[in-house]
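Before any comments, here is the structure.
Here, each number is a calculation from the coordinates, and none is a lab measurement. Keep in mind it's a predicted model, so treat the numbers as computed, not measured. Methodologically, a virtual Cβ is constructed for each residue, glycine included, from the backbone with ideal geometry; neighbour enumeration extends over all protein chains shown.
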Amino acid sequence: LTRPAYVTRFAPSPTGLLHKGHAFSALTALEAARAAGGRLVLRIEDIDTQRCRPQYEAAIYEDLAWLGIEWTPPVVRQTERQAHYLAALDALKVQGLLYRCFKTRKEVLEAIASAPHGPSEVFRGAALPTAEEAALVAAGEPFAWRLAMAEAVGRAGPLSFVEHGAGPAGERGVIAVDAGAAGDVVLARKDVGVAYHLAAVVDDAFQGVTEVVRGCDLFEAAHVQRLLQALLELAAPDYRHHRLILGRDGKRLAKRDRAETLKALRERGVKPSDLRAELGF
Ligand code: GLU
């Protein structure tokens with residue numbers, strides 16, 4: 001068996017300007033690709049059309065050019081891949097692993113707070129009786145498609161993924177998947193369309209990603225994503241979660257911290273080589 005050539009990706013969401021944390025992520029991915037003699041690909045995660053803006057996508061290309069980050073074309077833009085996500089959603093529906101959830105955000109929070117085994121942080125529910133569901137659908141009530149997590153976990157059986165970086169608690173090596181902890185995750189919504197986890201696994205497979213490099217704030221997401229890969233029979237990449245870059249206040253950077261954006265650094269005359277050195281490259 002020959003190993004597929006190394007491919008990793010940088011997958012920013014154009015919901016704001018990129019900051020130092022994104023630079024660290026992109027540089028880590030580029031370095032991993034170079035070290036493995038492989039490729040870096042780019043994906044614009046613009047599925048949340050309510051929050052994404054074209055000027056932020058334009059800024060991503062400017063920032064990457066400034067940082068000297070080259071990727072192998074083509075760029076994948078999630079807004080152009082809806083049909084593939086819907087096909088994946090259908091594949092899960094056919095397996096009976098999705099149900100319609102009509103609860104509002106408030107109702108979901110209430111359900112979580114009054115969960116039978118004490119309050120948990122995640123939602124677990126079930127499909128409504130057929131007639132009740134049909135009536136709500138006919139009335140045009142909005143709903144989300146949720147993964148019936150307990151069934152999905154049972155169907156997939158034991159799974160693991162390989163972590164080459166580290167999770168928030170230093171997890172590394174072969175990690176036993178515990179997707180159940182995430183509860184019945186939403187995989188599609190009326191307003192936002194398909195959700196992050198589903199789009200990410202479909203695209204990682206489409207782009208031939210062999211190792212996902214990203215911040216350790218997404219370590220838990222790997223559990224859910226590994227499960228979806230198994231259910232959708234997609235190739236499973238390895239993972240390399242990296243540390244997060246903190247701001248001067250010791251908190252992780254967010255897109256609202258304007259002063260730390262790459263654009264602001266550039267405008268203050270910071271050189272890309274200075275930033276690379278500051279970030280340890
Ligand atoms: N689009 C996500 C972000 O910008 C990254 C998702 C991922 O790397 O899986 O935070």
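Summary of computed values
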quantity	calculated
Where only alpha carbons of region 193-241 are counted, the Rg and the Dmax (Å)	9.9, 28
Whole-percent pair-distance distribution, where bins are 5 Å wide, for the alpha carbons of region 113-179	3, 11, 14, 15, 16, 17, 10, 5, 6, 3
Ellipticity estimate at 222 nm from DSSP helix runs (n ≥ 4, -39,500 (n - 2.57)) divided over the chain, nearest 500	-11500 deg cm²/dmol
Reciprocal of mean inverse Cα separation for region 187-277 (Kirkwood radius, Å)	15.7 Å
The chain - Kirkwood radius from inverse mean 1/r over Cα pairs (Å)	20.2 Å
Residue with peak Gaussian network fluctuation, the chain [Cα springs, cutoff 10 Å], from Thr72, Thr130, Thr49	Thr130
Pairwise centroid distance, computed over Cα atoms, of region 1-30 with region 203-281, Å	6 Å
log10 of Debye I(q)/I(0), alpha-carbon scatterers only, for region 68-130 at 0.14, 0.17, 0.23 Å⁻¹	-0.68, -0.81, -1.01
Efficiency of FRET from Cβ geometry, Ala131 and Arg258, R₀ 45 Å, rounded to 0.05	0.30
Distribution of pairwise C-alpha distances over region 128-281, 10 Å bins, in %	9, 28, 29, 21, 10, 3, 0
Surrounding net charge for Gln78, when Lys and Arg each add one and Asp and Glu each subtract one, Cβ distance under 15 Å	0
Long-range amide H partners of Val212 with built H, under 5 Å	Asp238, Tyr239, Arg240
Radius of gyration, Dmax [region 100-142; alpha carbons; angstrom]	11.9, 34
Radius ratio Rg over Rh of region 128-219, counting only Cα atoms, Kirkwood formula for Rh	1.06
Cα point-scatterer Debye curve for region 74-187, base-10 log of I(q)/I(0) at q = 0.10, 0.14, 0.17 Å⁻¹	-0.42, -0.80, -1.07
Angstrom value of the Kirkwood radius, inverse mean 1/r, which spans all Cα pairs in region 24-91	13.7 Å
Histogram of C-alpha separations across region 1-120, 5 Å bin width, %	2, 9, 14, 14, 13, 13, 12, 11, 8, 4, 0
Choice from Val224, Val137, Val177 showing the highest fluctuation, given a GNM over the chain with Cα pairs closer than 10 Å	Val137
Most fluctuating residue given options Val122, Val194, Val41, as computed from a GNM of the chain linking Cα atoms under 10 Å	Val122
Sum of side-chain charges, Ala150 neighbourhood, beta-carbon under 10 Å (Lys, Arg +1; Asp, Glu -1)	0
Local electrostatic count at Asp46 - Lys and Arg +1, Asp and Glu -1, tallied over other residues with Cβ under 11 Å	+1
Translational diffusion of region 241-281, µm² s⁻¹ [Kirkwood Rh, Cα pairs; Stokes-Einstein; 4 °C; 1.567 mPa s]	116 µm²/s
